[in-house]
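Here's the structure we're looking at; comments come further down.
The values are calculated or read from the model by the stated rules, or taken from the named source; none is laboratory data. Just so it is clear, the structure is predicted and the values come from calculations on it, not from any experiment. Here the Cβ positions follow ideal geometry from the backbone for every residue, glycine too, while neighbour counts run over all protein chains shown.
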Amino acid sequence: MLKQMSYKKIIICVCAAVAVIAVALVVLLSKKEEAFRSIMVYDVEGSAVIERETVGSMDAAENLYLESGDRVSVAAESSMRMKLDDDKYVMAEADTVFSVEAEGTDADSKTKICLEQGAITNEIQHPLSEGSQYETSTPNSVMAVRGTIYRVELYVDENGDQNTKMCCFQGKVGVSPILPDGTYGEEILVPAGSEVTVHKDGTMDEVKDIAYEELPSQAIENLIGMAQDGQSMAGISPEELTQLASEAEDVSEVSESEAQQTEQAEQSETVEAAAENAADENTDEQVQAKADTGKKASAQSAENGQDTSTSKQPVEQPLPQPQPQVQPNTPPKAVVPVNNSNVENSNADGGDAQEENNGNDSADDESDDDSDDDRSDHDKPDKDKPDHDKPSKPVTYTVTFMYQGKVFATQTVLVGESVSAPMLMPAQSGEWDFDFTTKIEANTTISWK
């Protein structure tokens with residue numbers, strides 16, 4: 001009986017021990033699975049957004065844990081880094097969109113980064129187990145690795161096609177193109193220090209050395225950070241990476257300076273254009289106002305019965321030149337006839353005839369005196385001419401136009417004539433305070449009101 005009791009106790013203890021071991025194994029396995037599914041954001045510069053199907057959108061932050069299936073969008077002039085497990089890193093550059101899938105355990109882990117836009121650098125520090133996979137996919141290619149450092153970039157060429165460029169910095173990367181029908185093309189192995197481009201149609205360029213000088217500054221900074229942690233990059237030294245970063249910074253500063261100068265030049269051109277437009281508008285307004293004033297003056301002159309064609313346009317009208325005096329036609333000097341009959345009678349008749357002739361001569365003398373009196377005054381010098389023979393000077397008056405207290409123009413007008421309204425240039429609102437049908441009988445001043 002005692003033996004049976006001891007056997008039962010032994011069996012119970014063994015079963016309990018087995019149960020404890022089983023629970024411990026389950027716990028350990030679950031912890032390993034959780035450890036692998038750990039996807040943590042450990043650095044954010046700028047801003048990034050996480051989209052999760054069960055939650056929605058949330059801002060990325062340091063120490064934020066992601067879940068398999070989360071979609072990440074990195075903003076412009078920003079970057080984000082995350083860690084999968086304890087030895088896999090993903091560094092996303094600005095304007096990058098990708099999603100993360102992470103499943104399995106350490107023995108059969110499956111990690112897939114689906115790049116939709118931008119560029120990411122992947123660092124797998126330790127080789128994967130035989131049953132594990134790590135892939136980066138784009139719309140036209142799939143890249144599979146076991147332990148390596150590589151960068152994948154999606155870019156749009158001059159034809160508007162989206163292509164994939166892969167640079168392998170360490171290890172090897174197998175690249176398979178995705179053909180237009182959705183099938184996979186032949187995989188090629190790209191060694192460290194090389195790059196390859198996969199085009200939209202699934203064709204691939206020849207593998208060539210990495211053009212490090214063409215990499216963006218964020219990619220160079222990521223490589224420098226890994227080099228400082230002891231990683232080596234094929235085809236370039238840490239010092240050369242630092243030199244490239246310095247040159248990229250100088251180029252960036254020059255670009256910013258040029259952009260500022262361009263912006264300032266554009267602002268100056270905008271200001272000058274606005275000033276020119278304003279000047280043109282003012283000129284148009286002045287021309288229109290001038291035309292309106294001209295029309296108004298023409299209409300007023302027409303209403304007053306004046307000929308608008310005689311209106312004076314200059315700002316200050318010159319005084320008319322004095323008119324030359326016209327001398328009347330001078331008739332020829334009168335010729336006094338000689339009485340020859342008196343001479344003949346004197347010779348024929350003797351003394352009586354002579355006396356008679358003398359008497360006639362006296363009469364003739366008196367007649368000559370009267371004839372001299374009756375001679376035209378034009379035979380006399382000008383200073384002895386009577387005033388009634390000189391032409392009279394025309395009577396004129398001066399009309400003065402005043403604008404804002406200053407003499408604007410003057411006109412000389414014959415007595416009894418009308419004065420013409422001058423054109424005010426540039427045109428101003430108002431009118432001349434005068435009835436231009438009025439006959440001018442004296443010197444007159446007309447003001448603008």
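Only one of the numbered conditions (1) assigned to a loop (DSSP other than H, G, I, E, B); (2) touching a residue at least 40 places away in the same chain (Cβ under 8 Å); (3) under 25 Å from residue 156 (Cα atoms) is violated by residue 121, and that is (1).
Here is a yes/no grid of residues against (1) of a type in the set (Gly, Ala, Ser); (2) under 22 Å from residue 97 (Cα atoms); (3) in contact with a Leu (Cβ under 6 Å, 6 or more places away or on another chain); (4) in a strand (DSSP E or B):
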| site | (1), (2), (3), (4) |
| --- | --- |
| 129 | yes, no, no, no |
| 150 | no, yes, no, yes |
| 181 | no, no, no, no |
| 189 | no, no, no, yes |
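Among the residues making up the stretch 53-68, those that are touching a strand residue (DSSP E or B) at 6+ places or on another chain (Cβ under 7 Å) and loosely packed, with under 14 Cβ neighbours inside 10 Å are 57, 58, 59, 61, 62, 63, 65.
With respect to the stated conditions, residue 164 is in the same structural domain as residue 80 (by TED's automatic domain parsing), among the hydroxyl-bearing types (Ser, Thr, Tyr) and under 22 Å from residue 81 (Cβ atoms). Only a single criterion out of (1) loosely packed, with under 15 Cβ neighbours inside 10 Å; (2) closer than 20 Å to residue 119 by Cα; (3) in contact (Cβ under 8 Å) with a residue 40 or more places away in the chain is not satisfied by residue 200, namely (1). Do we have residue 102 as in contact with a Lys or Arg (Cβ under 9 Å, 6 or more places away or on another chain), within 23 Å of residue 191 (Cα to Cα) and in contact (Cβ under 8 Å) with a residue 60 or more places away in the chain here? Taking the combined requirement at face value, the residue does not satisfy it. Within the stretch 51-69, the set of residues being under 45 Å from the mean Cα position of the chain (by Cα) and of a type in the set (Ser, Thr, Tyr) comprises just one member, 57.
The set of residues in the stretch 83-99 that are farther than 18 Å from residue 147 by Cα, of a type in the set (A, V, I, L, M) and assigned to a strand (DSSP E or B) comprises 92, 97. Residue check: residue 430 meets all listed conditions (1) modelled with pLDDT under 85; (2) more than 25 Å from residue 288 (Cβ to Cβ); (3) in contact with a strand residue (DSSP E or B) (Cβ under 8 Å, 6 or more places away or on another chain) but one, namely (2). The set of residues in the stretch 94-115 that are of a type in the set (Gly, Ala, Ser) and either over 16 Å from residue 65 (Cα atoms) or under 44 Å from the mean Cα position of the chain (by Cα) (or both) comprises 94, 99, 104, 107, 109.
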